[in-house]
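For reference, the structure discussed in these notes is given below.
The values are calculated or read from the model by the stated rules, or taken from the named source; none is laboratory data. Note that the structure is a prediction, hence the values are computed from the model and not measured. Cβ coordinates were reconstructed from backbone atoms using ideal geometry, including for glycine residues, and neighbour counts include every protein chain displayed.
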Amino acid sequence: MTFLPASADEPVAPAVRLRPEILASPPYRQGRPATADAFKLSSNENPFPPLPGVLDAVAASGAINRYPDASALALREVLAARRGVSTEQIHVGSGSVALLSQFIDAAAGPGDTVVYSWRSFEAYPGLVTVSGAASVQVPNRADGSHDMEALAAAVDDTTRVVIVCSPNNPTSTTVSAAEFDTFMAAVPSDILVLLDEAYAEFVTDPDAVRGFPLLARYPNLVVLRTFSKAYGLAGLRVGWAIGPAPILDAARAAAIPLSVTEAAQVAAIASLELEDELLARVSRLTARRDRLAAALSDQGWNLPKAQGNFVWLATGNETDVANEALLDGGIVARAFPGSGIRVSVGEEESVDKLLPITSRIVELLPAGHPARRLG
Ligand SMILES: *Cc1c(COP(=O)(O)O)cnc(C)c1O
């Protein structure tokens, strides 16, 4: 008798009874690791190395034999002071994915639904499944943006949470402030709306929704932010939520205790102290994004207006072929078979490497393909 499967490739049925909806869930796949000379543009990471001041703060935090502050009070104080709210109106989690999970678990369970646009952030379906609730996915418009009217129309008696992602991962589109207001007016005020603003710092469109000023207006709105993208702390896992204290208390009750490490808390505080330097980097990335988007458009790509630190190539049925061409050329992007390819805005040299390949790919797309510009 052996405890190991005969072959690592052969799926083995578990010996214990597990939840059928969990067994049916595909395991998370992080995409192919980058080879030594390839650019990893598959996870929307910040290409800049950590600032020395942030590294120093982490090194000085030291005491890893001690538990962190469970409520991340020092970080919440800094965030609360900046936003002019109380510390109870700020909640910190080990990445905003953890926060999403907590809010969904706090509001929805078996028999309930969670409504969101699709395609959107890959983590949403799995988090909803784990909560026991069911997903209601509302198709994006043809340009990859959220269909906010359809999203509001999908809300019914079973809905407990609606997630709005602006800029949307992976299409990089934003919801406008006007669309968001109309949507909030249509959604009953006892349904939690999570506005996932993981890429807010990269938004340059003045018409895009901005969550913070709306919090005073909507008692059912929670805004999610992260230090992973613009602030470059993806590896340390720290994100935060701002919203009504009673809703945040419910998320705190659904959290795994002590999961935000001391290193993450001090790195976030140091990053806020060095914000000018970090936001200057963000400006360089948004300028690089706009140059990349303009160059792709010149090549003949029909791109959704990119507002995150990534662009979306809607390659559809040509996705596998296009992704092979990128991989062969040393670009590791995030491909969604049958749908499209998300390419992060990385190092300047990555753009130089990317553009000759995308130029060849767009030429290979059949005439009339949605990713090709007309004329
Ligand atoms: C990256 C991302 C997050 C959060 O990431 P964390 O590293 O968990 O903070 C949340 N939402 C979207 C849409 C993202 O793309």
Tell me whether the range 66-79 contains one or more residues that are modelled with pLDDT of 95 or more, away from the ligand (no atom under 15 Å from the Cβ) and buried (at least 20 other Cβ atoms within 10 Å of the Cβ). yes
Need pairs with beta-carbon distance below 6 Å; first residue within 16 Å of the ligand (Cβ to nearest atom) and within the range 169-197, second among the basic types (K, R); sequence gap 6+ or separate chains. P170/R342; E197/R225
Report yes if some residue within the range 75-95 is of a type outside the set (V, I, T), in contact (Cβ under 8 Å) with a residue 40 or more places away in the chain, assigned to a loop (DSSP other than H, G, I, E, B) and in contact with a His (Cβ under 9 Å, 6 or more places away or on another chain); otherwise report no. no
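Return yes or no: is P337 outside the structural domain of D37 (by TED's automatic domain parsing), out of contact with any Lys or Arg (no Cβ under 7 Å at 6 or more places or on another chain), under 21 Å from A142 (Cβ atoms) and surrounded by fewer than 16 Cβ atoms within 10 Å (Cβ to Cβ)?
no
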Considering only residues that are surrounded by fewer than 20 Cβ atoms within 10 Å (Cβ to Cβ) and either within 20 Å of the chain's Cα centre (by Cα) or within 8 Å of the ligand (Cβ to nearest atom) (or both), which ones fall in the range 225-252? A234, G235
Here is a list: Y67, Y116. Which entry is hydroxyl-bearing (S, T, Y) and either assigned to a loop (DSSP other than H, G, I, E, B) or within 19 Å of S228 (Cβ to Cβ) (or both)? Y67
Would you please name the residue that is farthest from R360 (Cα to Cα), looking only at residues in the range 287-298 that are surrounded by 18 or more Cβ atoms within 10 Å (Cβ to Cβ) and more than 16 Å from the ligand (Cβ to nearest atom)? R288
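Quickly run through the range 105-117 and pick out the residues that are more than 13 Å from the ligand (Cβ to nearest atom) and either modelled with pLDDT under 95 or surrounded by 17 or more Cβ atoms within 10 Å (Cβ to Cβ) (or both).
Matches in the range 105-117: D105, A106, A107, A108, D112, T113, V114, V115.
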